[in-house]
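Chemist: The structure is given below, and queries will be raised subsequently.
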Amino acid sequence: MVSVLLHIGQPKTGTTAIQNALLAQREQLIEHGTLYPTPKHIPYVHHFLPVLIEDPDKIAQHTLNRMGFDPMACKAMAQDELALVRRQVDEARPRQIILSSESMFRNFSPAKFDHLKRILAELGDEVRVVAYLRNPADHYMSRAQQQLRIRAEIVRPDPNRTIGPLTAYRAAFGEAFECRVYDRKTLTDGDVIRDFWDCAGLDPALMPPETSGDNSSISAEAMSVFLRINPPTDARTPDEAREHSRRRRAVLEADAELPGATKPRLRPEVRDYIIRANTELLQQRDEFGLVFPGIDYSVVGKGVPSQTPAFSRVEELCDLDPIRRDALEAKVRATLAPSWRKRLHKFVVRRSTAIGRSGSAPVTAPPPAANR
């Protein structure tokens, strides 16, 4: 009998760390009967699953960016990914298959869940689904950081919408669906990888000594720099995606090199608002038994302002060091600035194009300013 364990997030609950750990130990896990399949286009995660069952216009932008940018091309690639996973299953003949995609944390329709079940039934004889849920204030801070890495926008602290996905998965999978609390006080050994290993029945000795990912916390100063230098929209072409990636790397590297980085913390008034506004906390507790340490459930739903606050500056969310922020921004902009050779090349191309169109005589380019 082959079992399938589907890990669906919630996003911002250590999903990248879990996926990297499974990928790092893939060969050892295969030797012990567990397969973590590796797709072609996004090798460490199985985002092809929601692509297979979702409408083309609802495919997540980050998935489109990695799988062709065109929804129909993305769907075709997803079929190829599924065929590749089937071949890996046939070759490894595992007792357990683990699939992971935080993009699966959605309120799918019954028809789409039926489609998902058919796909999973082709891979294994029984299916379990596991999700993690995070304190909404901590979830918001992590989501705000992630969004700032992508575009110049501070997301509004709207209440989380989790009851829909949780209820839908429970209706679709019944007792085979489990939701766990993502909090160091409740996780096995205070670590989400160790907790997932326990949930999947994996030998703790097979855990990797270290894991890495690009979703770790960044400083408040880095958040502010991202807000200043990023474009206002998501990447929607390969060139835009490469530029976003270049900016992201520059900030993350500078933040790691510059002394004084600390983990940002929400201002007390922002955190208090988020807890009060997330009335689903009560449903999570009463219907799913999910209790987050440190939350005063007596204030949930009480004294909530009529309008969701909007933020235009990182300083409105958390404290930051303006001197470090300015130094970090200068370092990043110096890294991103094109070299004098690239600026000279662009100047010559522009002049040559203009000359070709006008038929005018060439003009000698002025010497470029040094940028070393």
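Chemist: How many of the residues making up region 316-335 are assigned to a loop (DSSP other than H, G, I, E, B) and buried (at least 19 other Cβ atoms within 10 Å of the Cβ)?
Modeler: Summing the residues that are assigned to a loop (DSSP other than H, G, I, E, B) and buried (at least 19 other Cβ atoms within 10 Å of the Cβ) in region 316-335 gives 3.
Chemist: Inspect region 128-142 for any residue being more than 30 Å from Arg276 (Cβ to Cβ) and not small (Gly, Ala, Ser) and give the result as yes or no.
Modeler: Yes, there is a match, as at least one residue in region 128-142 is more than 30 Å from Arg276 (Cβ to Cβ) and not small (Gly, Ala, Ser).
Chemist: Separate question: Please verify whether Lys117 is outside any strand (DSSP E or B), within 19 Å of Gly174 (Cβ to Cβ) and open to solvent by 40 Å² or more (accessible area, probe 1.4 Å), treating the condition exactly as stated.
Modeler: yes
Chemist: With the checklist (1) part of a helix (DSSP H, G or I); (2) over 23 Å from Cys199 (Cβ atoms) in hand, flag the one item Pro50 doesn't pass.
Modeler: Looking at each condition in turn, Pro50 falls short on (2).
Chemist: Tally time: how many residues in region 175-192 are under 22 Å from the mean Cα position of the chain (by Cα), within 13 Å of Asn135 (Cβ to Cβ) and not charged (D, E, K, R)?
Modeler: 3
Chemist: Would you check if Arg249 is open to solvent by 80 Å² or more (accessible area, probe 1.4 Å) and either closer than 30 Å to Arg95 by Cβ or free of Cβ contacts under 8 Å to residues at least 40 places away in the same chain (or both)?
Modeler: The answer is yes for Arg249.
Residues are listed down the side, and each one gets a yes or a no for (1) surrounded by 13 or more Cβ atoms within 10 Å (Cβ to Cβ); (2) part of a helix (DSSP H, G or I); (3) in contact with a helix residue (DSSP H, G or I) (Cβ under 8 Å, 6 or more places away or on another chain):
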{"site": "Glu269", "(1), (2), (3)": "no, yes, no"}
{"site": "Leu290", "(1), (2), (3)": "yes, no, yes"}
{"site": "Gly294", "(1), (2), (3)": "no, no, no"}
{"site": "Gly301", "(1), (2), (3)": "yes, no, yes"}
{"site": "Ser306", "(1), (2), (3)": "no, no, no"}
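Chemist: Condition first: part of a helix (DSSP H, G or I), β-branched (Val, Ile, Thr) and open to solvent by 30 Å² or more (accessible area, probe 1.4 Å). Now tell me which residues in region 1-40 satisfy that.
Modeler: The answer is Ile30, and nothing else.
The values are calculated or read from the model by the stated rules, or taken from the named source; none is laboratory data. Nothing here was measured: the structure is a model prediction, and the numbers come from that model. Glycine also receives a Cβ, built like all others from the backbone with ideal geometry; neighbour counts cover every protein chain displayed. Remember, those area values only see protein heavy atoms, side chains included, never the ligands or the DNA or RNA. Shrake-Rupley method; radii C 1.70, N 1.55, O 1.52, S 1.80 Å.
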